[in-house]
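Below is one structure, written out as structure tokens, with a few remarks after it.
The values are calculated or read from the model by the stated rules, or taken from the named source; none is laboratory data. Values in this document were obtained by computation on a predicted structure and should not be read as measured data. Every residue, glycine as well, gets a Cβ built from its backbone with ideal geometry; the counts of neighbours run over all protein chains shown. Heavy atoms of the whole protein, side chains included, go into the accessibility calculation; ligands, DNA and RNA do not. Shrake-Rupley method; radii C 1.70, N 1.55, O 1.52, S 1.80 Å.
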Amino acid sequence: IEIYSLHVDCKVTSRFAHTVITSKIVNRANESREATFEVELPKTAFITNFSMSIDGKVYPGIIKEKASAQKEYDTAVSRGQSAGLVKITGRKLEQFHVSVSIAAASKVTFELTYEELLKRQLGKFELLIKVRPKQLVKHFQIDVHIFEPQGIRFLETDSTFMTNELTKALTKVQNETKAHILFKPTVDQQKINPELDETLLNGDFVVRYDVKRGATAGDVQIVNGYFVHYFAPREMPVFPKNVIFVIDRSGSMAGRKIEQTRDALLKILQDLRPEDHFSFITFNSKVAEWKSSLLQATAENVASAAGFVQTLSASGGTDINRALLTAVSVLDKAERLPERSVSMIILLTDGQPTSGESNVEVIQENIQKAVNGKYALFCLGFGFDVSYKFLEKMALSNGGIARRIYENADAALQLQGFYQEVATPILMKIEMQYPENAVEGLTKNNFKLFFEGSEIIVAGKIINELDLLPVEIKAQSHASDLTLKEEANVKEKEQVFQNQSYIFGNFIERLWAYLTIQQLLEKSISAQEEDQKTLEVQALELSLRYSFVTPLTSMVVTKPADQQQTELANKPTEAG
């Protein structure tokens with residue numbers, strides 16, 4: 001079985017990435033053989049299309065509501081469930097895998113399309129392409145086109161498998177608003193050494209970039225009556241933070257995990273700003289406060305905290321409920337904190353609540369009541385014994401987010417990286433306002449906090465024939481209350497994308513649908529049961545209309561008549 005062509009074709013238009021992977025395979029044997037298409041894609045992406053064509057006959061994947069697809073499938077495969085086609089393979093990736101049997105000398109072409117909105121983190125966008133053909137490929141290429149009307153501020157490529165020889169196969173062409181990256185290694189360049197038919201191409205190919213920004217009310221872009229508004233202010237004073245680290249030291253954290261936690265906390269302590277206040281609460285079946293109140297992050301207090309962190313050891317049960325309630329009460333009682341400051345609780349745990357209150361619903365209720373919208377709660381789940389669903393619901397109900405920390409060598413870096421994302425709050429209570437009678441289908445437009453290095457994105461539909469779309473942003477910064485205003489000239493904005501040959505025409509509409517689905521799904525996690533249904537119905541409707549494989553839809557993949565007829569591609573979620 002020979003993969004004679006493998007193309008990754010990616011077009012990024014204003015952060016919205018559309019990727020098509022095409023693999024062409026020929027069976028050189030004199031009997032039928034299994035041809036496999038296996039690709040890894042970012043978890044944040046939605047698959048939108050898949051097809052295989054065998055000797056010219058096309059077998060398309062069809063996207064349906066998950067429940068009805070599953071029913072159809074179960075009928076077809078009454079002899080028990082085979083594994084789905086998509087599974088999570090790591091911190092950032094999931095794998096799509098399909099095999100089909102093809103006759104001697106036959107050819108098959110697999111084509112997979114997925115889309116995602118690139119998310120700005122720590123000041124850059126990252127496009128991740130996983131490369132693993134497992135054999136030498138005659139025609140191999142990665143072709144990336146980027147168009148950013150705001151202008152490209154910097155652009156870099158990075159890869160885990162580059163050699164001097166392979167670098168020669170990489171070209172970058174860039175002007176003010178566009179970039180083209182082409183990676184096209186010959187068979188010889190792909191080889192580990194000239195004698196062996198083994199490939200070097202195994203790992204990540206990453207493009208990172210950021211865009212230029214004026215000091216205004218963000219940037220509005222418009223195509224076919226849909227708009228997107230990007231806002232990422234720069235060079236603002238940072239709010240002092242009041243942060244309580246709530247650290248699990250139960251028995252299951254013993255060994256590597258507690259070591260990595262200590263390493264990460266020591267680094268994080270160094271990153272605190274002198275005007276920040278902080279404290280630690282550690283817990284197993286007992287809850288221990290390092291100090292009874294928050295301390296300012298002076299050199300002396302940080303040094304004393306580092307001494308404490310080095311003594312952390314692990315044994316015993318897990319009382320998440322009491323640990324978090326204690327953290328909330330420390331913040332409630334805190335005095336002499338900076339007038340304008342941001343208070344947050346960062347929980348790190350690797351298990352289920354086993355001591356004290358162990359009913360997760362009761363814990364969620366207790367914490368939400370206690371936090372009462374005053375503080376942001378971030379939940380980090382270490383490994384796979386945590387109930388991620390529980391942590392995610394708790395974080396989203398209290399103005400924060402959840403993240404899984406994978407038990408790898410880089411776990412301490414993952415913890416530090418997370419802290420860096422939330423370390424510099426520069427705006428609070430951000431409201432993105434648009435004329436009510438002129439827009440509909442608005443995505444989330446008010447945000448509790450904005451962190452340096454990230455980006456706020458709002459999209460919607462313009463309903464009236466507008467010449468100008470006025471936008472207004474209200475927010476609190478550390479120095480003052482802000483109001484920023486801007487007017488977007490609809491005709492001019494529409495013009496920007498008109499003559500770009502490689503852009504798919506309705507990309508802002510698809511971006512709007514992608515963002516709306518993501519937000520509806522996220523909202524449903526922390527919603528009451530009856531609201532959950534409504535949100536899921538809306539998300540399902542959009543998933544079907546725009547053909548996205550989301551947690552509510554499935555792609556039914558059909559095969560030639562003589563083979564197992566159908567298989568399902570579902571979207572895995574972190575909560576499983």
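Of the residues that sit in region 2-48 and are open to solvent by less than 30 Å² (accessible area, probe 1.4 Å) and assigned to a loop (DSSP other than H, G, I, E, B), which one is farthest from residue 213 (Cα to Cα)?
Checked region 2-48; the qualifying residue farthest from residue 213 (Cα to Cα) is 29.
Determine which member of the set 517, 462, 473 is among the hydrophobic types (A, V, I, L, M, F, W, C), surrounded by 18 or more Cβ atoms within 10 Å (Cβ to Cβ) and over 28 Å from residue 400 (Cα atoms).
Numbers: 517 fails: over 28 Å from residue 400 (Cα atoms); 473 fails: over 28 Å from residue 400 (Cα atoms).
Just a single option satisfies the conditions, and that option is 462.
So, in region 527-544, exactly how many residues are open to solvent by 40 Å² or more (accessible area, probe 1.4 Å), of a type in the set (S, T, N, Q) and assigned to a helix (DSSP H, G or I)?
Our first condition is that a residue be open to solvent by 40 Å² or more (accessible area, probe 1.4 Å); within region 527-544, this holds for 528-534, 536-538, 541, 544.
Narrowing the set further to residues that are of a type in the set (S, T, N, Q) leaves 528, 532, 534, 538.
With the extra rule that they be assigned to a helix (DSSP H, G or I), the set shrinks to 532, 534, 538.
Result for region 527-544: 3.
Restricting the search to region 49-76, which residues are without any contact (Cβ under 8 Å) to a residue 12 or more places away in the chain and either within 16 Å of residue 546 (Cβ to Cβ) or in a helix (DSSP H, G or I) (or both)?
67, 68, 71, 74, 75
List the number of the failed condition for residue 224; all other conditions in (1) within 20 Å of residue 322 (Cβ to Cβ); (2) polar (S, T, N, Q); (3) touching an Asp or Glu at 6+ places or on another chain (Cβ under 7 Å) hold.
The failed condition is (1).
Within region 282-323, which residues are surrounded by 20 or more Cβ atoms within 10 Å (Cβ to Cβ) and closer than 25 Å to residue 254 by Cβ?
The answer is 282, 283, 284, 287, 305, 309, 314, 318, 319, 320, 321, 323.
Evaluate the following for residue 496: is it open to solvent by less than 50 Å² (accessible area, probe 1.4 Å) and touching a residue at least 24 places away in the same chain (Cβ under 8 Å)? Give the derivation first.
Values: open to solvent by less than 50 Å² (accessible area, probe 1.4 Å): no; touching a residue at least 24 places away in the same chain (Cβ under 8 Å): yes.
No: the conditions fail for residue 496.
Among the residues of region 176-222, how many are more than 30 Å from residue 497 (Cβ to Cβ), crowded, with 20+ Cβ neighbours inside 10 Å and of a type outside the set (Val, Ile, Thr)?
3
If I filter region 198-216 down to residues being under 21 Å from residue 123 (Cβ atoms) and assigned to a strand (DSSP E or B), which single residue comes out as farthest from the chain's Cα centre (by Cα)?
Taking region 198-216 as the starting set, the residues that turn out to be under 21 Å from residue 123 (Cβ atoms) are 204-216.
So of that shortlist, the ones also assigned to a strand (DSSP E or B) come out as 204-211.
Numbers: 204: 16, 205: 17, 206: 15, 207: 16, 208: 15, 209: 16, 210: 17, 211: 19 Å.
Per the stated criteria, the residue is 211.
Can you tell me which residue is nearest to the chain's Cα centre (by Cα) among those in region 543-576 that are hydrophobic (A, V, I, L, M, F, W, C) and at pLDDT below 90? Even if it seems obvious, please write down each step before you answer.
Taking region 543-576 and keeping what is hydrophobic (A, V, I, L, M, F, W, C), we get 544, 548-549, 552, 555-557, 561, 568-569, 575.
Applying the additional criterion that residues be at pLDDT below 90 yields 561, 568, 575.
Numbers: 561: 38, 568: 23, 575: 14 Å.
Once the filter is applied, the top-ranked residue is 575.
Can you pull out the residues in region 368-407 that are aliphatic (A, V, I, L, M) and either crowded, with 23+ Cβ neighbours inside 10 Å or under 24 Å from residue 265 (Cα atoms) (or both)? Spell out how you get there, then give the answer.
Start the filter on region 368-407 by keeping residues that are aliphatic (A, V, I, L, M), which leaves 370-371, 376-377, 380, 386, 391, 394-396, 401-402, 405.
Scanning region 368-407 gives 371, 376, 377, 380, 386, 391, 394, 395, 396, 401, 402, 405.
For residues in region 152-169 being open to solvent by less than 40 Å² (accessible area, probe 1.4 Å) and assigned to a strand (DSSP E or B), which is farthest from residue 207 (Cα to Cα)?
152
What is the number of the single condition among (1) assigned to a strand (DSSP E or B); (2) exposed (fewer than 15 other Cβ atoms within 10 Å of the Cβ); (3) small (Gly, Ala, Ser) that residue 279 does not meet?
(2)
When you scan region 144-166, how many residues do you find that are modelled with pLDDT under 95 and of a type in the set (Val, Ile, Thr)?
Summing the residues that are modelled with pLDDT under 95 and of a type in the set (Val, Ile, Thr) in region 144-166 gives 2.
Being modelled with pLDDT of 95 or more and in contact with an Asp or Glu (Cβ under 6 Å, 6 or more places away or on another chain) is the filter here, so list the residues in region 452-467 that pass it.
If the condition is that a residue be modelled with pLDDT of 95 or more and in contact with an Asp or Glu (Cβ under 6 Å, 6 or more places away or on another chain), then 461 is the only one that fits.
Here is a yes/no grid of residues against (1) closer than 30 Å to residue 418 by Cβ; (2) aromatic (Phe, Trp, Tyr); (3) at pLDDT 95 or above; (4) not assigned by the TED database to the domain that holds residue 126:
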{"residue": "48", "(1), (2), (3), (4)": "yes, no, yes, no"}
{"residue": "51", "(1), (2), (3), (4)": "no, no, yes, no"}
{"residue": "62", "(1), (2), (3), (4)": "no, no, no, no"}
{"residue": "66", "(1), (2), (3), (4)": "no, no, no, no"}
{"residue": "71", "(1), (2), (3), (4)": "no, no, no, no"}
{"residue": "74", "(1), (2), (3), (4)": "no, no, no, no"}
{"residue": "80", "(1), (2), (3), (4)": "no, no, no, no"}
{"residue": "86", "(1), (2), (3), (4)": "yes, no, no, no"}
{"residue": "100", "(1), (2), (3), (4)": "no, no, no, no"}
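Would you mind stating whether residue 264 is at pLDDT 95 or above and open to solvent by 10 Å² or more (accessible area, probe 1.4 Å)? Explain how you work it out, then say what you get.
Details: at pLDDT 95 or above: yes; open to solvent by 10 Å² or more (accessible area, probe 1.4 Å): no.
It is false that residue 264 is at pLDDT 95 or above and open to solvent by 10 Å² or more (accessible area, probe 1.4 Å).
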